[in-house]
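Sharing a structure below in C-alpha cells format, with a few things to ask.
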Amino acid sequence: MPKYSIEIGGGVLVSLFAFLLFRGVNIIPLLLALALMGVLLFALKSKGQLAAAGGRREARVKGSTPFSFDDIGGQDRAKGELVEALDFLVKHEEISKLGIRPMKGILLTGPPGTGKTLMAKAAAHYTDSVYLAASGSEFVEMYVGVGAGRIRDLFKEARKKANKEGKKNAVIFIDEIDVIGGKRDGGQHREYDQTLNQLLTEMDGIHTNEAPRILLIAATNRKEMLDSALLRPGRFDRHIGVDLPDKKGRLHILNIHSKNKPLHDEVNMEKIAEESFGFSGAQLESVLNEGAIYAMREGLPLVEQHHLTMAIDKVMMGEKTDRESTKEERERVAIHELGHAIAAELLRPGSVSQVALAPRGGALGYVRHNPSDDHYLYTKDYLEAQIMIALAGAAAEEMFYGGRSTGSRNDFEQSLNIVRTMVECGLTEVGIIEDRMMTPDRWAQISGSVLDGLMSRVKEMLAARRQLFTHCLNILIDRETLGGEQFRKLIASEESLSA
Ligand code: ATP
C-alpha cells in the first residue's frame, strides 16, 4: 500500500486543483507554496534531517585512520588483555573447534585521556576491521525512539561498510557508554531506556559466526553507573581497565609523541616522566606540544629541557596569569609555599622539584613535588607526612604573621580527605570502624584530633628553620622560582650552619 501512496497523493492533488480551477479560484499562490515546501523537504532530506525527525537518523560515524598497538604507550597489561580478546575474533576457526564463542563486546574503563579511543582504533587495525565510532551523547534526544533508531542505524552502517570494503569484521566503538547505558530506573527516562534496550537487542543479534562479525567496544570512566544487563556475560564479556600510566608507561608515551619534535640532545625524558606523576597520555602529549610552543616563542630551533618543565607546570596548573598582587601578598604567598616546600624536603628528602611564585590557574604560587616512585599502597606514616606537608603552608603563615589566610582552603580540604581515608582504612585511634556509623560530631572530633596533633608537629619542625625561610624568601621574591636542586643546596648550607 505505501508503495502507491505518492501516486494516490498526486492524484488527489491534481483533482483538487481541477476542482478549484473549475470553481474559479486563483490557484497560483497555492502552487507557489507547494513548490516552496518541495524545495524545503528536498534540502532537509539531503542533509539527512528528515530521517532524524522520524527517529531514524544515521548515527554520526567517524572514519578510521590506521593506528596500531605500537602507537600506544604504556598500558602493556591492557593491550595484552585486549589482544587476547581480539585473537578470538581473528582466529575464529581455531577457537570454534574448541567451542569457544568470540566476544561480542569489550568494555574499556579508566580515567579520561588514557588511550581508550586509541585502543579501539588499534583493535580495528589488528583485526583488519572497518571502524565506526560514536559517542553515547549522540544517541540522546528528547524524542522517544530517536536514540534507538540511531543505534539500529549504527549497526546497519557497520555491516554495510564491511560488506562494501570486503572486510570480514567491523569494530563499533561507543565512547561515554554510561550516557545511554546507565542503570534503568523504571520509567523516568523512557528515551534512555529505549536506546539501551535497542543496544541490548543489537548485541543479542550479533551472531558470532555470521559475516561480517561485529565487535562492540565501549568506553566509560564510570563503570559503576552501568546497567547490569550490559555487564552480564554474553554482552560486554571482557572488562579492561585502562589506568593512568606509571613512570615507565609515561616515558614510553613521551617517546612516542616526541618522535616528530626536534629535541635538544640534553633533554632528559626520564626526568620529565618522573616529574609528570599522575599525568594521563593526553596530558603527556600536551606537555610535548606546549614544550614545542615555548621553544617557538623563544625563537629556538630545538625543544630544551626547561621548555618541557614549563610545559608540565602549564598542563598541571594552567597558563600563567598576569594578575597583579601587592608586595605583602606576594610575601605571604612565598612564605606559605616555602612552608610546604621545607616540610616536604624535611619529611621526604629530594621530593621538591620546584617552588614557584608565579600565579597560574587559580593559584598564586605552588610547589611541584617529584615523587621518586609511583605508590599504590600508603602507610600511616606516609599519609601523616602528606597531611603535614599540606598543613605546612598555614603553619608558616601563622609563624610569620600570627594568623592564617584564605590561601589554605585547598590544603585543608586535601588534609581532611586524607583523614577520611585513614579512618576508612582503620589507621586512626578509633581503630576499624564502619564510616556510615560515624556521626558528624564524631567525624569532627576525630579529624580535629588528627589534624591538631600533626599541625603542632609541623609547627615545631618549621619553627627551628626561621633563618632558612628568610634566606629562601629573598631569592624566591627576586627570581619567582626556586629549582629543586638549588633549594636543597640552600637547606644543606643552612643546616650545616646551625649544626
Ligand atoms: P576519554 O575517556 O576522554 O574519551 P580516552 O581514554 O579515549 O579519553 P584517547 O582519546 O584515546 O583517550 O586519547 C587522547 C589523546 O591522548 C590521544 O590522541 C593521544 O594523543 C594521547 N594518548 C592517550 N593515551 C595514550 C597512550 N597510552 N599512548 C599514546 N598516546 C596517548
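Give the separation of the Cα centroids, the stretch 254-303 to the stretch 95-126, in Å.
Result: 30 Å between the Cα centres.
Going by how many other Cβ atoms sit within 10 Å of their own, how do ASP76, ASP237 line up, fewest first?
Ranked by crowding around the Cβ, least crowded first: ASP76, ASP237.
Given TYR382, MET269, LEU230, which one lies farthest toward the positive end of the charge dipole of the chain, if we put +1 on the Cβ of every Lys and Arg and -1 on the Cβ of every Asp and Glu?
Farthest towards the positive pole: LEU230.
If amide hydrogens are placed 1.01 Å from N in the peptide plane, which non-local residues have theirs closer than 5 Å to the one on SER135?
Here the answer is ASP175, since their amide H atoms fall under 5 Å of that of SER135.
Let me ask something additional. Would you work out which of PRO212, LEU30, ALA358 lies farthest towards the positive end of the dipole of the chain, given +1 charges on the beta-carbon of Lys and Arg and -1 on that of Asp and Glu, about the Cα centre?
LEU30
With a cut-off of 12 Å, note down the residues of the stretch 9-24 whose backbone N falls inside the zone around a label point 7 Å from the Cα of VAL39 toward its beta carbon.
none
On to the next question. May I ask you to derive the relative contact order of the stretch 289-434, considering only C-alpha pairs under 8 Å and at least 6 residues apart, and to give it as an integer percent? Mind dumping the intermediate values first?
Working: 161 pairs, mean separation 26.5, N = 146.
Contact order relative to length: 18 percent.
Can you give the relative contact order of the stretch 372-484 as a percent, counting alpha carbon pairs under 8 Å and 6+ residues apart?
Numbers: 69 pairs, mean separation 32.6, N = 113.
Contact order relative to length: 29 percent.
If you don't mind, there's one more thing I want to ask. I need to check one value: relative contact order of the chain, counting alpha carbon pairs closer than 8 Å and at least 6 residues apart, in percent. Kindly include the intermediate steps, with their values, before the conclusion.
Working: 737 pairs, mean separation 59.8, N = 499.
The normalised contact order for the chain reaches 12 percent.
I would also like to ask the following. With +1 assigned to the C-beta of every Lys and Arg and -1 to the C-beta of every Asp and Glu, and no other charges, what is the dipole magnitude of the stretch 327-498 about the Cα centre in debye, to the nearest 20?
The dipole of the stretch 327-498 has a size of about 320 debye.
Beyond a 26 Å Cα-Cα separation, which of these cross-linked pairs lie in this structure: LYS116/LYS314; LYS271/LYS489; LYS97/LYS223; LYS104/LYS156; LYS79/LYS259; LYS116/LYS156? Numbers along the way, then the final one.
Working: LYS116/LYS314 24 Å; LYS271/LYS489 19 Å; LYS97/LYS223 33 Å; LYS104/LYS156 16 Å; LYS79/LYS259 21 Å; LYS116/LYS156 24 Å.
Going by Cα-Cα distance, LYS97/LYS223 fall outside the 26 Å limit.
For ARG442 and GLU266 in the same chain, what is the full-extension length gain: residue separation times 0.36 nm, less their Cα-Cα distance, in nm?
Values: separation 176, 0.36 × 176 = 63.36 nm, distance 5.48 nm.
The ARG442-GLU266 span can extend by a further 57.9 nm.
Ok, one more. Ordered by residue, what ³J(HN,Hα) values in Hz, to whole numbers, does the stretch 480-485 give under the Karplus form 6.51 cos²θ - 1.76 cosθ + 1.60, where θ = phi - 60° and Gly and Pro are x?
Couplings: 6, 9, 10, x, x, 5 Hz.
Continuing with this model, one more query. Take the Cβ-Cβ distance between THR406 and GLU84 as r, set R0 to 56 Å, and report the resulting FRET efficiency rounded to the nearest 0.05. Walk me through the intermediate numbers first.
Numbers: r = 53 Å, r/R0 = 0.94.
The calculated FRET efficiency here is 0.60.
Taking the number of other C-beta atoms within 10 Å as the exposure measure, put CYS472, CYS425 in order starting with the fewest.
Working: CYS472 24, CYS425 12.
Sorted ascending by nearby Cβ count, the order is CYS425, CYS472.
Okay, next question. Between MET225 and PHE19, what FRET efficiency comes out of the Förster formula 1/(1 + (r/R0)^6) with R0 = 56 Å and r the beta carbon distance, rounded to 0.05? If you can, show how the numbers build up before the last one.
Working: r = 61 Å, r/R0 = 1.09.
About 0.40, to the nearest 0.05.
Obtain the nm distance between the two label points defined at ILE28 and GLN414 by a simple spin-label model: each point lies 7 Å from its Cα along the Cα-to-C-beta direction.
Each label point is offset 7 Å from its Cα along the Cβ direction, giving 7.9 nm.
What ranking do TYR378, TYR366 get, fewest neighbouring Cβ atoms within 10 angstrom at the top?
Details: TYR378 15, TYR366 21.
Ranking TYR378, TYR366 by Cβ neighbours within 10 Å, fewest first, gives TYR378, TYR366.
Laboratory data are not the source of any read-out in this text; all were calculated from the coordinates shown. All of these numbers come straight from a predicted model, not from anything done at the bench. For neighbour counting, all protein chains shown are included, and Cβ atoms are generated from backbone atoms with ideal geometry for every residue, glycine included.
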